[in-house]
Amino acid sequence: MERFELLSNGMKLLQQDGAFRISTDSILLADFCAPLRGKSVVDLGCGGGTLGILLCAADPDCRVIGVEIQEKACDIARRNIEINALEDRFRVVRADLRALESMLDAGSFDAVASNPPYFPAGSGLEPPDEAEAIARTERLCTFDELCASAARLLRHGGSFCLVHRPERLAELLSTLRSRQLEPKRLRLVRHHAGANVSLILVEARLGGSVGLKILPDLVLNDPSGAPSAEYRRIYHLP
């Protein structure tokens, strides 16, 4: 069953039951990436195009290319681009992000963003649905391969922003540095103050100098359980 969800920023997104749903992860990542100020951006593993749509909504001058390997996801992303009239600023290429040499020039982008698979292949956490398993696990692309692709696409000093799971933080930072992507900003996400960290947001820069800034925690709910002021800002709520 298909339906369109109207976001608070005025954008619409096609939703299909069980496939490429709008996630808090992408919404938080889009906010973390800002401001883009007219930058050229690649979304590696763009799924149904949620992140790219949000980035275009946040900055009317940025340009986004989404890379996605799954045909169904590409179709949904292209429909989302069309219904939001973003054809002149956002396009999707169906490709394996590990093999983009003939499609996207090295060193030609200001920023790369990704909401990648969170779990290693064979970890026992793979969903039965193949499309969902590809989106959630590193069946087709490891984190190191993702970093290698980001590093190839970025200009020197360009930024790589991603969202991931906190239990893999040490591995993520080590892998980023091995690909000359120096971690520069880190933000921990909690459902409420004192709760365990549920997500991490990381920005690294290609060839950046050493120096990691730990930002204040992003707390999604206040003590009463209502959305926090930060949550309301990100979701454009009154």
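A few notes on this one:
- Looking across the stretch 174-202, the residues that are outside any loop (DSSP other than H, G, I, E, B), open to solvent by less than 40 Å² (accessible area, probe 1.4 Å) and out of contact with any Leu (no Cβ under 8 Å at 6 or more places or on another chain) come down to THR175, LEU176, SER198.
- Scanning the stretch 20-39 for residues that are of a type outside the set (Val, Ile, Thr) and open to solvent by 40 Å² or more (accessible area, probe 1.4 Å) returns PHE20, ARG21, ASP31, ALA34, PRO35, ARG37, LYS39.
- Answer from LEU28, LEU86 - the residue that is under 18 Å from PHE4 (Cβ atoms), among the aliphatic types (A, V, I, L, M) and at pLDDT 95 or above: LEU86
- Which listed residue is free of Cβ contacts under 8 Å to residues at least 40 places away in the same chain and among the aliphatic types (A, V, I, L, M), from ALA204, ALA226: ALA226
- Residue, farthest from CYS56 (Cα to Cα), within the stretch 105-130, restricted to residues that are among the aliphatic types (A, V, I, L, M) and modelled with pLDDT of 75 or more: ALA121
- Any hit, the stretch 91-110, residues being more than 30 Å from GLN180 (Cβ to Cβ), touching a helix residue (DSSP H, G or I) at 6+ places or on another chain (Cβ under 9 Å) and not polar (S, T, N, Q): no
- Residue list for the stretch 203-238, filter: farther than 25 Å from ALA170 by Cβ and either open to solvent by less than 30 Å² (accessible area, probe 1.4 Å) or of a type in the set (Lys, Arg) (or both): SER228, ARG232, ARG233, ILE234
- Identity of the residue in the stretch 121-138, under 18 Å from the mean Cα position of the chain (by Cα) and open to solvent by 60 Å² or more (accessible area, probe 1.4 Å), that ends up nearest to LEU201 (Cα to Cα): ARG136
- Contacts under 9 angstrom Cβ, first residue in the stretch 57-71 being under 16 Å from MET11 (Cβ atoms), partner open to solvent by 30 Å² or more (accessible area, probe 1.4 Å) and of a type in the set (Asp, Glu), 6 or more apart: ALA58/ASP31; CYS62/ASP110
- From GLY107, GLY157, residue being surrounded by fewer than 15 Cβ atoms within 10 Å (Cβ to Cβ), in a strand (DSSP E or B) and in contact (Cβ under 8 Å) with a residue 24 or more places away in the chain: GLY157
- Total residues in the stretch 201-217, condition under 19 Å from the mean Cα position of the chain (by Cα) and closer than 19 Å to PHE160 by Cβ: 7
- The residue pairs whose first member lies in the stretch 127-146 and is over 13 Å from ARG98 (Cα atoms) and small (Gly, Ala, Ser), whose second member is at pLDDT 75 or above and not in a helix (DSSP H, G or I), and whose beta carbons are closer than 7 Å, counting only pairs six or more residues apart or on different chains, are ALA131/GLN70; ALA133/ARG139; ALA135/GLY47; ALA135/PRO117.
The values are calculated or read from the model by the stated rules, or taken from the named source; none is laboratory data. Note that this is a predicted model, so its numbers are computed, not measured. Every residue, glycine as well, gets a Cβ built from its backbone with ideal geometry; the counts of neighbours run over all protein chains shown. These accessible areas exclude ligands, DNA and RNA; they are computed on the full protein's heavy atoms, side chains included. Shrake-Rupley method; radii C 1.70, N 1.55, O 1.52, S 1.80 Å.
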